[in-house]
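Worksheet: the structure to be examined is printed underneath.
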Amino acid sequence: MQIKFEQKTLALKHPFHVSTGSKLSAENIFVEITHDGITGRGEAAPSRFFHETPASVIETLEKIARLLGDDPFLVPSIAAKVDAQIPGNSAAKAAVNMALYDWIGLRLNLPLRRYLGIDVGSHPICSSFTIGIDTLEVIEQKVREASTEPLLKVKLGTPEDYAIISRIRELTDKPLYVDANEGWTRDEAREKIDWLAGQNVQLIEQPLPADDLAGTRWLRQQVTLPLIADESVKTAADLIQIGDAFDGFNIKLMKCGGITEALKMIQIGRWLNLSIMFGCFLESSLAISAAAPLAALCDYVDLDGHLLLKDDPFIGIEFNQGMITLTDAPGLGVRQRD
Ligand code: MG
């Protein structure tokens, strides 16, 4: 297998702020794996939170290239071999993993969901649309721009949390997800979640610091809204310890290392009776199209990263008023925008 990669700067429509930092653009790495005349594509969105940079992704891809072998159909074994030899670096692993699945789908002329046996016929995939932390004026503008989106995910974890939600509630009564990105203390979280429960908020993502599982366990006994782990859970191995602290967890391809691991997390999550969200980083339609079929197996979906980009370099899934439509094209169903 031949692997090629290229770094691209993806400008954002608006600067994106969360409680842990800000971004004006995303620096993602695009991967092509060619074998037998077929090229599968993947994307890595490196995360500062996980100590990843474009340079560390490229360095990891060079190491992974030596482990690929010559049979893309062995993708689960390739993922296991890569995990055994290279710790962490999940964004690079995700890019390679999705490129191998893309290759298989292209080779078999099957969309990924058909190859994985995912039934998406029974219910449409409805995604939230994210509103980052900003001034009240900018938040108001973003909420107005998102008037056709049925479901908003609001980033909190600031002294302005009450003011942000109150302003949004002056504009719309649509359901909200709230993501605190570890931004609250224990007592603050209890007080704010009590209030948010009366504001048509459906769930709270990562209220407390990732390693404060004892605090989250306590919090879960105090509040009624479901608590969803994001920063507290990267891979399937993390699910064992969060069971009594959270009601569910958020899977992201860039956190877990790809489709192979995400499928494992969905199976284990169901067995543990946890609810499951499928989320993303700032990703183009390429990585979003790899996540979308798996999102059909989940309870909550937050796959809007590509909508926050000014120029999406790929065309893939359709996203219309919060409803995701998968294409029938083979593999990930993506093509480069002209
Ligand atoms: Mg989150």
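The values are calculated or read from the model by the stated rules, or taken from the named source; none is laboratory data. On a predicted model such as this, the values are computed, not experimentally measured, just so you know. Because the Cβ atoms are built from the backbone with ideal geometry, glycine has one as well, and the counts that use them run over all protein chains shown. Each accessible area value is taken on the protein alone, full model and side chains, heavy atoms only, with ligands, DNA and RNA left out. Shrake-Rupley method; radii C 1.70, N 1.55, O 1.52, S 1.80 Å.
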What is the residue count in the range 327-337 for residues that are modelled with pLDDT of 90 or more and surrounded by 13 or more Cβ atoms within 10 Å (Cβ to Cβ)?
-> 7
Checked against (1) in a loop (DSSP other than H, G, I, E, B); (2) open to solvent by 10 Å² or more (accessible area, probe 1.4 Å); (3) under 24 Å from residue 143 (Cβ atoms), residue 283 satisfies every condition except (2)
Being in contact with a Gly (Cβ under 7 Å, 6 or more places away or on another chain) and over 16 Å from residue 34 (Cβ atoms) is the filter; apply it to the range 98-137 and report the residue that is surrounded by the most Cβ atoms within 10 Å (Cβ to Cβ).
-> 127
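Of the residues in the range 205-230, how many are within 16 Å of the ligand (Cβ to nearest atom), among the β-branched types (Val, Ile, Thr) and free of Cβ contacts under 8 Å to residues at least 40 places away in the same chain?
We begin by selecting, within the range 205-230, every residue within 16 Å of the ligand (Cβ to nearest atom); these are 205-212, 216, 225-230.
Remaining after also requiring among the β-branched types (Val, Ile, Thr): 216, 228.
Narrowing the set further to residues that are free of Cβ contacts under 8 Å to residues at least 40 places away in the same chain leaves 216.
Final tally of qualifying residues: 1.
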Could you please let me know if residue 76 is assigned to a loop (DSSP other than H, G, I, E, B) and under 24 Å from the mean Cα position of the chain (by Cα)?
-> no
Of all residues in the range 8-52, which are out of contact with any strand residue (DSSP E or B) (no Cβ under 8 Å at 6 or more places or on another chain) and exposed (fewer than 15 other Cβ atoms within 10 Å of the Cβ)?
-> 20, 21, 36, 37, 51
List the number of the failed condition for residue 233; all other conditions in (1) more than 15 Å from the ligand (Cβ to nearest atom); (2) open to solvent by less than 10 Å² (accessible area, probe 1.4 Å); (3) among the aliphatic types (A, V, I, L, M); (4) assigned to a loop (DSSP other than H, G, I, E, B) hold.
-> (1)
